[in-house]
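Reading through the structure tokens given below for one structure.
The values are calculated or read from the model by the stated rules, or taken from the named source; none is laboratory data. Note that the structure is a prediction, hence the values are computed from the model and not measured. When we count neighbours, we look across all protein chains shown, and the Cβ atoms used for this are built from the backbone with ideal geometry, even at glycine. Please note that ligands, DNA and RNA were not included when accessible areas were found on the heavy atoms of the full protein model with its side chains. Shrake-Rupley method; radii C 1.70, N 1.55, O 1.52, S 1.80 Å.
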Amino acid sequence: MNGYSLIDLRIIGDENGSLIALEENGNVPFDIKRVYYIFNTKVGVRRGFHAHLKLRQLLICTSGSCTVLLDDGRKKVDVKLDSPSKGLIIEGLLWREMYDFSPDCVLMVLADEHYREEDYIRNYDSFMDEVQKNGI
Ligand code: TYD
């Protein structure tokens with residue numbers, strides 16, 4: 001499935017512990033305009049339920065774990081994020097849902113645009129219309 005990729009983030013470790021550095025247009029392959037994080041998600045909650053028209057994002061579980069469902073209108077994949085060194089880049093027209101949050105999960109998201117509700121597709125039928133329109 002196109003529109004997403006998994007990247008390994010280099011851990012800089014020493015006897016004190018570990019560190020990961022994120023750099024704009026380095027290991028983060030876009031301009032970073034926004035960072036937000038999702039935490040304290042209650043057990044059993046499913047979030048997301050949207051696609052983006054243009055947005056590029058990098059998702060990292062800096063603590064705990066969760067699973068991201070990606071759907072291109074034909075196929076679905078479930079990506080488990082369970083390490084702070086695992087990054088999920090989403091840049092295509094993909095419907096996404098996040099679930100299976102561990103109680104300690106902190107899901108950090110870096111994005112290449114400010115928050116704009118106009119970039120969201122929050123209805124699955126509208127998402128499928130957009131998929132058809134794009135000939136995917
Ligand atoms: P929403 O996208 O609905 O998150 P989820 O589907 O995971 O629950 O966002 C929840 C609320 O937060 C919504 O009112 C929009 C607001 N929000 C911002 O103000 N800025 C942001 O960067 C994001 C991601 C959300």
Give me the net charge for the shell around Gln132: Cβ to Cβ below 14 angstrom, other residues only, Lys and Arg +1, Asp and Glu -1. -2
Heavy-atom accessible area of segment 21-88 with neighbours in place, 1.4 angstrom probe: carbon+sulfur share in percent works out to 50
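Send over a whole-number figure in Å² for the accessible area per residue of the chain, probe 1.4 Å.
Details: 7830 Å² over 136 residues.
Ligands and nucleic acids excluded, the figure is 58 Å² per residue.
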Using 7 Å Cα-to-Cβ label points, what is the Asp104/Glu117 separation (nm, one decimal)? 3.7
Using helices alone, what [θ] at 222 nm do you get for the chain, with -39,500 (n - 2.57) per DSSP H run of 4 or more residues, divided over all residues and rounded to the nearest 500? -2000 deg cm²/dmol
Total charge of the residues flanking Ile121 in space, meaning their Cβ is under 14 Å from its Cβ, with Lys and Arg +1 and Asp and Glu -1, is -4
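With a 1.4 Å probe and all protein chains in place, put Glu117, Glu24 in order of accessible area, largest first.
Numbers: Glu117 75, Glu24 100 Å².
Of Glu117, Glu24, the descending order of accessible area is Glu24, Glu117.
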Would you please state the base-10 log of I(q)/I(0) at q = 0.09, 0.16 1/Å for the chain, with intensities from the Debye formula using one equal scatterer on every alpha carbon? -0.27, -0.84
Counting residues in segment 12-71 as N, plug N into 2.2 N^0.38 Å and put the Cα Rg over that result. 1.40
